[in-house]
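The values are calculated or read from the model by the stated rules, or taken from the named source; none is laboratory data. Just so you know, these numbers come straight off a predicted model, no measurement behind them. Here the Cβ positions follow ideal geometry from the backbone for every residue, glycine too, while neighbour counts run over all protein chains shown. These accessible areas exclude ligands, DNA and RNA; they are computed on the full protein's heavy atoms, side chains included. Shrake-Rupley method; radii C 1.70, N 1.55, O 1.52, S 1.80 Å.
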Amino acid sequence: MIQCSVKDENITQTKIIQLINNYHQKGQLISSNQVNSKNAHSIISSFEEQFILRPRVKLHGLHRQIVIDKIEIEINANNYGELIKHHVNLISFEQQQYVAYLLPYQRVNIHIIFNRATGSQGNLIDISFPQ
């Protein structure tokens with residue numbers, strides 16, 4: 001059993017870049033989709049390729065913070081990556097470009113940054129997260 005809290009925030013392109021730079025320095029990349037995850041610059045470049053498809057959009061991203069208060073089993077970073085992939089599938093964002101970071105605090109903090117624009121079509125996902 002897992003007890004956690006989830007906080008969602010709609011974010012601008014500038015905020016996405018700040019978060020990726022910050023989390024890449026302080027945390028561990030545990031999962032990604034449709035990004036070059038070699039380094040922070042590569043991730044940002046991957047996101048910016050999609051931003052170009054929708055230049056008029058003001059809120060380019062969605063930021064989901066998951067704080068795990070209690071978990072009954074001990075898991076490692078790879079297992080957290082699998083947990084994130086399962087979570088992304090549950091909320092039907094498996095086709096979205098995203099990165100997920102594990103940050104070392106007293107409790108487990110996972111931050112997922114989604115790009116709202118989908119692949120080559122440039123369609124946008126809804127600005128509100130599924131619960």
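Per-structure values
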read-out	value
Enumeration of residues in the range 46-78 that are in a loop (DSSP other than H, G, I, E, B) and either in contact (Cβ under 8 Å) with a residue 24 or more places away in the chain or surrounded by 11 or more Cβ atoms within 10 Å (Cβ to Cβ) (or both)	Leu53, Arg54, Val57, Lys58, Leu59, His60, Glu72, Ile75
Cβ pairs under 6 Å, 6+ apart, first in the range 88-105 and farther than 15 Å from Ile66 by Cβ, second assigned to a loop (DSSP other than H, G, I, E, B) and not β-branched (Val, Ile, Thr)	Gln97/Gln34
Which numbered condition Ile43 misses (of (1) out of contact with any helix residue (DSSP H, G or I) (no Cβ under 7 Å at 6 or more places or on another chain); (2) modelled with pLDDT of 95 or more; (3) open to solvent by less than 50 Å² (accessible area, probe 1.4 Å))	(1)
Evaluation of Gln28 against (1) touching a Phe, Trp or Tyr at 6+ places or on another chain (Cβ under 8 Å); (2) under 17 Å from Asn109 (Cβ atoms); (3) open to solvent by less than 80 Å² (accessible area, probe 1.4 Å) (one fails), failing number	(3)
